[in-house]
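Novice: Quick one: the structure is below, questions incoming.
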Amino acid sequence: MLDMFFLLEGTDVSELPQLARVGVKLGRPAVCEGASDLEAFENWLGQLIDWFQAYNLDVDTPAMDQAWLKILSQALARKALSWFRRCKQEAHESGMSLSFH
């Protein structure tokens, strides 16, 4: 994801997230598989939110909310991903949209 910041032609470097300007790349937090461990989940979620903030992705707009959901789906596996997909499908079937909030 960070690489796309460098590929945007005509982008003012001062508009890039601070970490992108100095070439720092942070890996996303480990994938959450959905284990029944509240403390592990809270730590994982905190790391994901910290990652959003490190790249200035914590702007609260509808477009960013959808980007957060896409990033979230990439950070889930096994039980957690199955649950997320069910929630997304149920929201779609009821005419609603999923939100990160």
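Here, each number is a calculation from the coordinates, and none is a lab measurement. From a predicted model like this one, the values you see are computed outputs, not experimental measurements. Ideal geometry is used to build each Cβ from the backbone, glycine not excepted, and the neighbour counts take in all protein chains shown.
Novice: Give just the number: which of (1) touching a residue at least 12 places away in the same chain (Cβ under 8 Å); (2) at positive phi does residue 71 not satisfy?
Specialist: (2)
Novice: Another question, if that's okay. For the subset of the range 51-65 comprising residues that are in a helix (DSSP H, G or I) and touching a residue at least 12 places away in the same chain (Cβ under 8 Å), which member is nearest to residue 24 (Cα to Cα)? So that I can check it myself, show each step before the final result.
Specialist: So the first thing to find is which residues in the range 51-65 are in a helix (DSSP H, G or I), and the list is 51-54, 62-65.
Add one more test, that the residue is touching a residue at least 12 places away in the same chain (Cβ under 8 Å), and what stays is 51-52, 54, 65.
Values: 51: 12, 52: 14, 54: 10, 65: 24 Å.
Restricting to residues being in a helix (DSSP H, G or I) and touching a residue at least 12 places away in the same chain (Cβ under 8 Å), the top hit is 54.
Novice: Counting only residues that are more than 23 Å from residue 58 (Cα to Cα) and charged (D, E, K, R), which one in the range 86-101 is surrounded by the fewest Cβ atoms within 10 Å (Cβ to Cβ)?
Specialist: 93
Novice: Residue by residue through the range 43-85, note down the ones that are among the aromatic types (Phe, Trp, Tyr) and loosely packed, with under 15 Cβ neighbours inside 10 Å.
Specialist: If the condition is that a residue be among the aromatic types (Phe, Trp, Tyr) and loosely packed, with under 15 Cβ neighbours inside 10 Å, then 83 is the only one that fits.
Novice: Inside the range 77-101, can you point out the residues that are among the hydrophobic types (A, V, I, L, M, F, W, C) and closer than 14 Å to residue 49 by Cα?
Specialist: Pass one, the range 77-101, residues among the hydrophobic types (A, V, I, L, M, F, W, C): 77, 80-81, 83-84, 87, 91, 96, 98, 100.
Result: 100, single match.
Novice: Within the range 58-91, which residues are farther than 19 Å from residue 46 by Cβ and among the polar types (S, T, N, Q)?
Specialist: 61, 66, 82, 89
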